[in-house]
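Below is one structure, written out as structure tokens; the observations come after it.
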Amino acid sequence: MSYDFAIAAVVTLAGALLAISQANILHAVFGLAISLVGVAGIFFTLNSPFVAIMEVLIYVGGIAVTMIFAVMLSSVTNPQEKENVGRRLMAAVAAGTFFVGGALVLHHAEFADGKELLNSEHSLQAVGVNLLNRYNLAFETLSVVLLLAIVGAIVIVRKEPAMPADAEEEAA
Amino acid sequence: MGYFGKVLSGFGSLLTGMRITFSQFAKTFFGRKNVTLQYPKEQPKLAPAFRSAIKLIRFEETGTHDCVACKACERICPSYCIKLSGGKVEGIKKKRVAEFEMDFSLCSLCGLCIDACPTDTLEYSKVYEEAGYNRDWRVDLVAEFREYEAEFVEKQRVIEEKAATAKKAKAEAAKKAKEAKKAKEAEKAKEAEAEAADTAEKPDTAEKPPALEAKPAKADAPAKAEVPTAEVPTAEAPKS
Amino acid sequence: MPETLSQLLDDSVLAMPIAAGLIMGALTINVLMLVWAERKVSAWIQRRMGPTEVGPFGLLQTLADMLKLISKQLITPSNVDKPLFHLAPLLAFAPVIAAVALMPFSKSLILVQNDFGLLFVFAFGGIAVIAIFMAGWGSNNKYALLGAIRSVAQSISYEIPLILSALSVVLVVNAMGFTLASGGSIVVANGLDLSHIVMAQDQHGLWFVLVQPIAAIIYFISALAETNRAPFDIPEAESELVAGFHTEYSGMRFSMFFFAEYTNMLIVSMLAVVLFFGGWDGPVLPGPLWFFLKSYMVIFVMMWVRWTFPRLRFDQLMTFCWKVMIPLSILNLLATAFVVAVL
Amino acid sequence: MGKVDKGDLGRFLPLVDRSATPVVDPRGAEVAADPAVVRLAILDDLLNMGRANSLWPLTFGLACCAMEMMAAGASKYDLDRFGAGVFRPSARQADVMILAGTISKKMAPVIRQLWDQMPGPKWAIAMGGCTIDGGPFKYPNQYAIVEGADKIVPVDIYIPGCPPRPEALIAGFLQLKEKIKAGRKFNR
């Protein structure tokens, strides 16, 4: 493992930590962006520059910006967190399941050697052909993620329905 | 003109604009003809009617100003920016200004003082590049004339003495003439008495009244003309 | 001595800082000259003198500006979002250096050779958008926020025609199907490699501005919008938004945004030269000189446009992008694809 | 009576001695004696040269004098020759505040706020009679005008006139340049 990879991994992890630990939602999104840049760095060290560029171009330049845009255009900045043990438990279970599943998949998967990709002349062409022929459905499905990003951002910062006290104040 | 016609004409107008700016650019770049006046190196040509703060005129005949400290300018100034003092000077009859202080920072260059000056010794100066580190912008207008003052007073004294002697001489001459006239009249009267022993004296009394009426009317005219200018500030005071 | 120097450069730990320092120095000189040139060009267009007093022809004017900006007080307003506020200028500053390193100055003088150079440049443009966002949000100022929102909306909108017009050039390069002899081995042309785009124009003796005139115009207009230059400078519209996203920045932090803006100009004009004006291709003079000469000509046109046209309104800007530029660039791309497929 | 047109373009003879300028380093001889400080003073001189030649004014006009300020920035007079033509809209990026025009009492807090927003070292130029001490609007019992810009901000250069010509503003800039070159002055 080279030190390039180590730096990229540290950046990714730090960004991810920032993304989940910040109360300020904009800081969290910027942490996500940092994490995505780190992921791009990991791809780059694994001799897959095309994926790395796409990571930056689409995820950092596209999705993260869209999320920030949605957050900024909405009025809520620091939502008051309500202590809800049940919801937290559900979230923890979902995240744990996802993590375990992902780890299992990764453990059983077979990875191509990065060195091979480096020397192949037509890697980019192969990527293009495969994306538009063999994996067309998966490609198109993944592109929905942009839409999801916007919807997710709006849901996160959606205005809470007005409290009765507020309504009274408004009426008065 | 359809949609594409509009697009084309719009594009054409953009190109026209760019052509104009480029021609200006090229003219300045290659011809070195710019419109800039490089101020500290070049001085501007001021218009003849250019107005700046007031100054005192130096007259050729006397070599100095002709301010008699009448304070007409001080009274008429709407910004209270003129303060002057002065009055009788030892040796001469004419009054002279001693201090003429003008606050440039208060002045709005309206020119009322110039109009009001009875001796026409105030004028717009052409000072145009004043700037400084101090907020006090009071200037002494008579400062440049101080050195000529003694000379002027001497000259004026001579002139006045001459005038006085001339007057004296004139007065004496007039006295003599009067005496002579009186003597003549007395002679005439004697002759007339001798002649008019028979005739009546009516025509003399008939001609006198019109001559008496004309005199007071003439004396009033200048006094009336002065009244409006003097009343301007007082008349406007209630308004403000 | 040369051995040790090459050893130093071979060492990957030291090579990066040295290269970054060299690029930084070159870019600083470039920015100083560009700001001077901008002021002179604007002066000459308005029949003025421009800076004349500092140095010969006022050449040291921007140096004086830099000295002053370095020594200026750095103000951090009380209610700013501190991490974002402090990071934004650095983040605006970093990607532009990386993008310059990718440019092929001549056939052999390429700092970073990459198969996807074009995509890299666009990707770094995307990071700069985040920096503007951080500045606008972190400043806690309504004008900065509005400027940032405008800037980002404008940047992501105009990135689409920018990339589409560049893609049509890529299509042409790929379709030519030629092979390049590179150091004995035969390499198939790759339209995403910046040096290959230039080589394609070099081999055919034909600049792509003649092959793709519509793409060239679209690229130029989008590049003006991407760099927030007049007539598309509404993010920092002085009459409405004080100074846009960098309203609250003073001294050196402001000059970093300034630096990024002028280097962005250089990058888009270099890319224009690579894509449409034959890169280093030119008679007599050496390649890098031609490259820079052409780049500065494109920059001159950008300045010329800036001092000619008034600012657009925001809705006009967006309408122009989504209703004119994007359809036009898609049509151009389709037509190019059609021609390429038929021939 | 004939008039002699002499000394028209000269300067006024002032009542007070205006040659004494407040540009002397207040620390004076102490600084000159200390070798460590003197070496830094060379750097200070260099920075002062930079500051003096790059005076970015704030885009900010109060009344009629602002017209002359604009004229000074335009083609005929071209403040940009001295590096002072970069009118910055944001106070954070400006060095000089040109107070051009009547300062009403409503405007005074705004001016003070703008001044406070400017990063040091910063300078102020009071342009026109109204800004120096109220000008034509100064009379007993007036209630609307601030009688002098130096009541709200520390002013470095005073330019009289109603309004002063663009040349006077340029002369003011040149004097400010001299002042900056002569010594350091930090308004916080």
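The values are calculated or read from the model by the stated rules, or taken from the named source; none is laboratory data. All of these numbers come straight from a predicted model, not from anything done at the bench. Methodologically, a virtual Cβ is constructed for each residue, glycine included, from the backbone with ideal geometry; neighbour enumeration extends over all protein chains shown. Only protein heavy atoms, including side chains, enter the accessible area calculation; ligands, DNA and RNA are left aside. Shrake-Rupley method; radii C 1.70, N 1.55, O 1.52, S 1.80 Å.
Filter region C:301-317 for residues that are in a helix (DSSP H, G or I) and more than 21 Å from the chain's Cα centre (by Cα) and give the result. Selection gives C:F314, C:D315, C:Q316.
Taking the options A:F43, A:F50, name whichever one is open to solvent by 40 Å² or more (accessible area, probe 1.4 Å), at pLDDT below 80, more than 19 Å from C:A88 (Cβ to Cβ) and part of a helix (DSSP H, G or I).
Details: A:F43 fails: at pLDDT below 80.
Answer to the selection: A:F50.
Of A:F44, A:F50, A:F30, all but one fail to be more than 9 Å from chain C (Cβ to nearest Cβ) and in contact (Cβ under 8 Å) with a residue 24 or more places away in the chain; the exception is A:F44. Counting residues in region B:183-197 that are at pLDDT 80 or above, closer than 18 Å to B:I92 by Cα, of a type in the set (A, V, I, L, M, F, W, C) and in a helix (DSSP H, G or I) gives zero.
Residue pairs whose Cβ atoms lie under 8 Å apart, sitting 6 or more positions apart in sequence or on different chains, and linking a residue in region C:315-329 that is modelled with pLDDT of 85 or more to a partner that is among the aromatic types (F, W, Y), are C:L317/C:F232; C:C321/C:Y158; C:M325/C:Y158. Residues in region B:71-97 that are touching a residue at least 40 places away in the same chain (Cβ under 8 Å), touching a Lys or Arg at 6+ places or on another chain (Cβ under 6 Å) and surrounded by 14 or more Cβ atoms within 10 Å (Cβ to Cβ): B:V89, B:I92.
Candidates A:G38, A:G31, A:G15: the one that is within 28 Å of A:V127 (Cα to Cα), in a helix (DSSP H, G or I) and out of contact with any strand residue (DSSP E or B) (no Cβ under 9 Å at 6 or more places or on another chain) is A:G38. Kindly evaluate B:R138 against the criterion of being within 20 Å of D:I159 (Cα to Cα), surrounded by fewer than 17 Cβ atoms within 10 Å (Cβ to Cβ) and among the charged types (D, E, K, R). Yes; evaluated as a whole, the condition is true for this residue. Please tell me if C:L271 is without any contact (Cβ under 8 Å) to a residue 24 or more places away in the chain and farther than 17 Å from C:V41 by Cβ. So C:L271 does not fit the description; no. Restricting attention to region B:1-19, the residues that are within 11 Å of chain C (Cβ to nearest Cβ) and either more than 17 Å from C:T308 (Cα to Cα) or touching a helix residue (DSSP H, G or I) at 6+ places or on another chain (Cβ under 7 Å) (or both) add up to 3. Only one of the numbered conditions (1) open to solvent by 40 Å² or more (accessible area, probe 1.4 Å); (2) part of a helix (DSSP H, G or I); (3) farther than 30 Å from C:H86 by Cα is violated by C:P283, and that is (2). Among the residues of region C:48-74, those identified as modelled with pLDDT of 85 or more, part of a helix (DSSP H, G or I), open to solvent by 20 Å² or more (accessible area, probe 1.4 Å) and more than 7 Å from chain D (Cβ to nearest Cβ) are C:L63, C:M66, C:I70. In the condition set (1) surrounded by 24 or more Cβ atoms within 10 Å (Cβ to Cβ); (2) β-branched (V, I, T); (3) within 10 Å of chain A (Cβ to nearest Cβ); (4) more than 20 Å from C:P95 (Cβ to Cβ), C:V169 is compliant with all but (3). Tell me, yes or no, whether region B:20-37 has at least one residue that is closer than 21 Å to D:I159 by Cα, within 14 Å of chain C (Cβ to nearest Cβ) and at pLDDT below 85. Looking for residues that are closer than 21 Å to D:I159 by Cα, within 14 Å of chain C (Cβ to nearest Cβ) and at pLDDT below 85, one finds at least one in region B:20-37, hence yes. Screening B:L106 against (1) open to solvent by 30 Å² or more (accessible area, probe 1.4 Å); (2) touching a residue at least 12 places away in the same chain (Cβ under 8 Å); (3) more than 28 Å from B:G63 (Cβ to Cβ) leaves a single unmet condition, (1). Taking region B:38-54 as the range and being open to solvent by less than 30 Å² (accessible area, probe 1.4 Å) and facing another protein chain (nearest Cβ under 8 Å) as the test, the residues that pass are B:Y39, B:P44, B:S52, B:A53. Quick check, is C:G136 over 19 Å from the mean Cα position of the chain (by Cα), within 12 Å of chain A (Cβ to nearest Cβ) and either surrounded by 21 or more Cβ atoms within 10 Å (Cβ to Cβ) or part of a loop (DSSP other than H, G, I, E, B) (or both)? Taking the combined requirement at face value, the residue satisfies it.
Taking into account only those residues within region C:98-132 that are touching a Ser or Thr at 6+ places or on another chain (Cβ under 8 Å) and either without any contact (Cβ under 8 Å) to a residue 24 or more places away in the chain or not in a helix (DSSP H, G or I) (or both), which is most open to solvent (accessible area, probe 1.4 Å)? That would be C:K107.
For region D:78-185, the strands (runs of 3 or more DSSP E) that sit wholly inside it and include 3 or more residues that are within 30 Å of B:L46 (Cβ to Cβ) and more than 8 Å from chain B (Cβ to nearest Cβ) are D:96-100, D:123-127. Here the condition is being surrounded by 19 or more Cβ atoms within 10 Å (Cβ to Cβ) and either within 17 Å of D:Q93 (Cα to Cα) or within 11 Å of chain A (Cβ to nearest Cβ) (or both); of C:P83, C:P95, C:P77, it holds for C:P95 alone.
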